[in-house]
Amino acid sequence: MNESEVVARIEALEAQRIAATLAGQTDVLAGLLGDDLRYVHSSGTDETKAEFLARLASGHYVYKALESGHRDFRVFGDVVLVNGNIRIEVVSQGKDKLIQCRYLQAWAKRDGNWQMVAWQSTTAPVAM
């Protein structure tokens with residue numbers, strides 16, 4: 001795959017990840033997320049894959065909207081880093097939150113499949 005094909009593949013997987021997150025489909029997410037995932041929320045909460053999926057399944061998080069803005073992709077062989085902006089509507093612990101973030105996301109290719117292995121976001125006023 002050339003670089004533009006890799007970016008298109010990551011964009012498609014990210015669309016699947018967002019759709020599965022909004023639908024609470026932890027079974028779909030389980031395949032898209034690496035077992036060694038580190039998911040750092042804008043609040044600073046740092047979760048493993050198991051912790052994130054368990055909290056999503058339990059209703060601890062209920063995502064209402066995930067709207068990506070500008071994204072920059074950097075392809076380094078079997079690793080892709082994505083810097084972007086995202087608008088998040090979520091109910092967390094029963095509280096509605098609207099969060100605008102900047103994030104760094106990492107995807108790694110393993111056994112021919114791409115998986116998200118890291119997410120780190122920080123709140124920021126972002127132009128979408």
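In table form, for the structure just shown:
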read-out: Looking only at segment 101-127, and only at residues there that are assigned to a loop (DSSP other than H, G, I, E, B) and not hydrophobic (A, V, I, L, M, F, W, C), the one that is nearest to L66 (Cα to Cα); value: P125
read-out: One residue from Q100, Q105 being in contact (Cβ under 8 Å) with a residue 24 or more places away in the chain, among the polar types (S, T, N, Q), surrounded by 17 or more Cβ atoms within 10 Å (Cβ to Cβ) and under 19 Å from G31 (Cα atoms); value: Q105
read-out: Top-ranked residue in segment 1-13 [being in contact with a strand residue (DSSP E or B) (Cβ under 6 Å, 6 or more places away or on another chain) and within 16 Å of A118 (Cα to Cα); ranked as surrounded by the fewest Cβ atoms within 10 Å (Cβ to Cβ)]; value: L13
read-out: Residue match in segment 80-94 (condition: at positive phi and surrounded by 14 or more Cβ atoms within 10 Å (Cβ to Cβ)); value: no
read-out: Matching option when the condition is part of a strand (DSSP E or B), more than 22 Å from K97 (Cβ to Cβ) and touching a strand residue (DSSP E or B) at 6+ places or on another chain (Cβ under 8 Å), among R38, R74; value: R74
read-out: Residues of segment 14-23 classified as touching a helix residue (DSSP H, G or I) at 6+ places or on another chain (Cβ under 8 Å) and buried (at least 17 other Cβ atoms within 10 Å of the Cβ), total; value: 3
read-out: Selection status of L98, over 16 Å from E11 (Cβ atoms) and part of a strand (DSSP E or B); value: yes
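None of the figures in this text is laboratory data; all of them are computed from the coordinates on show. Predicted, not measured: the structure shown is a model, and the values here were computed from it. Don't worry about glycine lacking a Cβ; one is built from the backbone with ideal geometry, like all the others, and counts go over all protein chains shown.
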